Each structure stands twice: as structure tokens, then as C-alpha cells.
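> One structure, pasted below without further comment.
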Amino acid sequence: MTITAVPADELPLRERKKLRTRRALVDAALELFTERGFEETTLDDLCAAVEVSKRTFFRNFGSKEDVALTPSQDMWAAFLDELERCEPGSGRPVIELAQDCLLVAVGRMTGDGWARQVRLGERLAARIPSVGAYGLHFCDRTTREALAILRRRFDLGDADDLRARLVLDMLIAAWHAALESWTSMPGEPGAADLAARLREAFAAIPGCLTLTAAPRDAPASP
């Protein structure tokens, strides 16, 4: 689903109703998947919990895996939206531009319970192979969409130049490192905590490129 910058309360009534139904399905799905188990929760169970038809479900989501990872997918949709609208400035490194767009996207995730839903979805992805595989496929698709946006909007040199793709790969790697650190935090860390972890991961990227592999000292003989 495309993320829009228009506040929910400014949308037409029909769109607000669709948004509420979508949110209710995500809420119910993540709670049921967590409490009952992903495989044990059927589409009938989910639709009954929200009192909608399967047809309504499939108007919003493609599968149970899709609805489980929707909170994270919404954030990445916001990231793509930011890439479409950002201005690079004169000679600004692409990686800085991409990092700023991702931080803005996280900042746009102000919905109630978004951070908790992301954590629930990530835990499902870690345990359920089909959810994890769906997440990897979505990640690859998003990377390709982001690369297409960058190449369409900005002069990045020859199409065979690998640097833009590697910029996005480093961005995704930093995201996963930050996400893993964030989900292991005690209590109920929020979006601001995730943004802080992202900044730490971004700051570590230059050092990664110069990290040396010095041999360890041999252990002392007993």
C-alpha cells in the first residue's frame, strides 16, 4: 500500500474507513500470530476477529506473510516516497541522502503501536521460514525500486556502475544491524530508539571499510 504524506484525518471518508480496516487487520493478525501461532491461525480466524470477509482481506494484503510484515513494509514505502521527493544538494554523497531518507521514514511512523508491531513481525520472521523468505523477497524488491528511483532522478554515472547498488546494500545492512540491536532492548523501545540505533549503525559504516584483520595473539602455553 502506498504511503501518503496526507494525514489520515484529511483523507476522504471512504479512504479513512479502508485505512481503519487495514489497521484492524494488522493489529488482529499480529496478536493472533503471536498468541496462537502463525500456522495455527487461519484466514477465517483473522477475518472473524475483525468481522470482515476474505475478499476484504485480499483487497488489502496478498497473504498472511504480507500482513505480518506490513508495519516494516509501511516504513520502507515511506522511504521510497522520501527518495522521490528529496533534493540532493550540490555534490552530496548518495549514502548520506539515503540515510536521511530512511531516518525521515522512521520518523513518519507515528501510528499507535507501530514499534511493537515491528518487533512482533521481526520475531515471526526469525521463527517462521515463510515469513522470513517473504521478508527477504520484499527487501530485494525494495532495493531495486530504490535504485530505479535514484537512477531516474539523479545522474549517477554509467548504468553498470555498482556504487549506487552498494550504497543501498550498505543501507539495508545498517538497517538490519540496528533492527537486531533495537529488538533486543529491554522494555518497549519506540521509534526514537530505533532511529538512534540507525544513527549508530550509519556512523559505523566508514570504519567498516578500513577495518583490518590483524592476527590475534597466540594463547599462552599452559
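The values are calculated or read from the model by the stated rules, or taken from the named source; none is laboratory data. The structure displayed is predicted, hence computed values, not measured ones. Ideal geometry is used to build each Cβ from the backbone, glycine not excepted, and the neighbour counts take in all protein chains shown. Heads up: the accessible areas ignore ligands, DNA and RNA and are worked out on the full protein's heavy atoms, side chains in. Shrake-Rupley method; radii C 1.70, N 1.55, O 1.52, S 1.80 Å.
> Mind pulling the angle between the C-alpha long axis of helix 70-85 and the longest principal axis of the chain? Nearest 10 degrees, somewhere in 0 to 90.
60 degrees
> HN-Hα J couplings of segment 22-38 from phi, Karplus 6.51/-1.76/1.60, θ = phi - 60°, integer Hz, Gly and Pro as x?
Going residue by residue, I get 4, 5, 5, 5, 5, 4, 5, 4, 5, 5, 5, 4, 6, 7, 9, x, 5 Hz, with x marking Gly and Pro.
> Which lysines have a Cα less than 17 Å from the Cα of Lys64, not counting those fewer than 8 places away in the same chain?
Within reach: Lys54.
> Work out, step by step, the length gained on full extension between Asp112 and Arg165: first 0.36 nm times the residue separation, then minus their alpha carbon distance; give nm to one decimal. Working shown, then result.
Values: separation 53, 0.36 × 53 = 19.08 nm, distance 3.37 nm.
Value of the extension gain: 15.7 nm.
> Using a probe of 1.4 angstrom, how much of the accessible area of the chain is carbon and sulfur, in percent? Before the final figure, lay out the partial values.
On the way: 7030 of 12920 Å².
Whole-percent figure for carbon plus sulfur exposure: 54.
> Once you place label points 7 Å from the Cα toward the Cβ at Ala148 and Leu43, how far apart are they in nm?
2.6 nm
> Over segment 69-205, give the accessible area per residue in Å² for a 1.4 Å probe, as an integer. Before the final figure, lay out each step's value.
Numbers: 6770 Å² over 137 residues.
Per residue, segment 69-205 has an accessible area of 49 Å².
> While we're here: Using only the alpha carbons, work out the radius of gyration and Dmax of segment 97-158 in angstrom.
When restricted to the Cα atoms of segment 97-158, Rg and Dmax are 15.0, 44 Å.
> Mean shadow of the chain, computed from the convex hull of its alpha carbons, in nm²? Could the numbers behind the result be given before it?
Numbers: hull surface 69.6 nm².
With every direction weighted equally, the projected area is 17.4 nm².
> Using θ = phi - 60° and the Karplus relation 6.51 cos²θ - 1.76 cosθ + 1.60, list the HN-Hα couplings for segment 193-209 in order, rounded to whole Hz, with x at every Gly or Pro.
Couplings: 5, 5, 4, 5, 5, 4, 4, 5, 5, 4, 5, 7, 4, x, x, 4, 6 Hz.
> How large is ³J(HN,Hα), in whole Hz, for each residue of segment 142-158 in order, when computed from phi with the Karplus curve 6.51 cos²θ - 1.76 cosθ + 1.60 and θ = phi - 60°, using x for Gly and Pro?
Going residue by residue, I get 5, 4, 5, 5, 5, 5, 4, 4, 4, 5, 6, 8, 10, 7, 10, x, 5 Hz, with x marking Gly and Pro.
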